[in-house]
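Colleague: This is the structure, below, for whatever I ask next.
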Amino acid sequence: MDLAVMGVTDEARQAVGQWPSPQVWVERLIQALLEAAEREPDPERKGRLRALAEGLGGFARDVAVGVLSGGITQSMGSS
């Protein structure tokens, strides 16, 4: 039996992990910054990477999630 799926919602894509939420993107960014800091041989750059990752906590995290959410909505043509 063949079935066609018409119109998959954002929520459905997020539920199955096909489209990560803005929160997941921010968490991935933080993790990538921390990993880059661990690999960085220059102490000054290492410190900057760590500070940037730590800075994405709390209020800055909320702002980043909001920016990503707005960007995703705009890219889909919604308002």
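Colleague: Note down all Cβ pairs under 6 Å where the first residue falls in segment 24-52 and is at pLDDT 90 or above, the second is open to solvent by 60 Å² or more (accessible area, probe 1.4 Å) and among the aliphatic types (A, V, I, L, M), and they're at least six residues apart or on different chains.
Modeller: L33/L52
Colleague: Residues of segment 16-50 being more than 16 Å from S69 (Cα to Cα), hydrophobic (A, V, I, L, M, F, W, C) and either open to solvent by 60 Å² or more (accessible area, probe 1.4 Å) or not in a helix (DSSP H, G or I) (or both), which ones?
Modeller: V16, L34
Colleague: Scanning segment 53-79 for residues that are farther than 27 Å from T9 by Cα and assigned to a helix (DSSP H, G or I), which turns out modelled with the lowest pLDDT?
Modeller: So the residue we want is F59.
Colleague: What are the residues in segment 51-74 that are of a type in the set (A, V, I, L, M, F, W, C) and open to solvent by less than 90 Å² (accessible area, probe 1.4 Å), if any?
Modeller: Across segment 51-74, the qualifying residues are A51, A53, L56, A60, V63, A64, V65, L68, I72.
The values are calculated or read from the model by the stated rules, or taken from the named source; none is laboratory data. The structure displayed is predicted, hence computed values, not measured ones. So basically every Cβ, Gly included, is an ideal-geometry build from the backbone, and we count neighbours across all protein chains shown. Heads up: the accessible areas ignore ligands, DNA and RNA and are worked out on the full protein's heavy atoms, side chains in. Shrake-Rupley method; radii C 1.70, N 1.55, O 1.52, S 1.80 Å.
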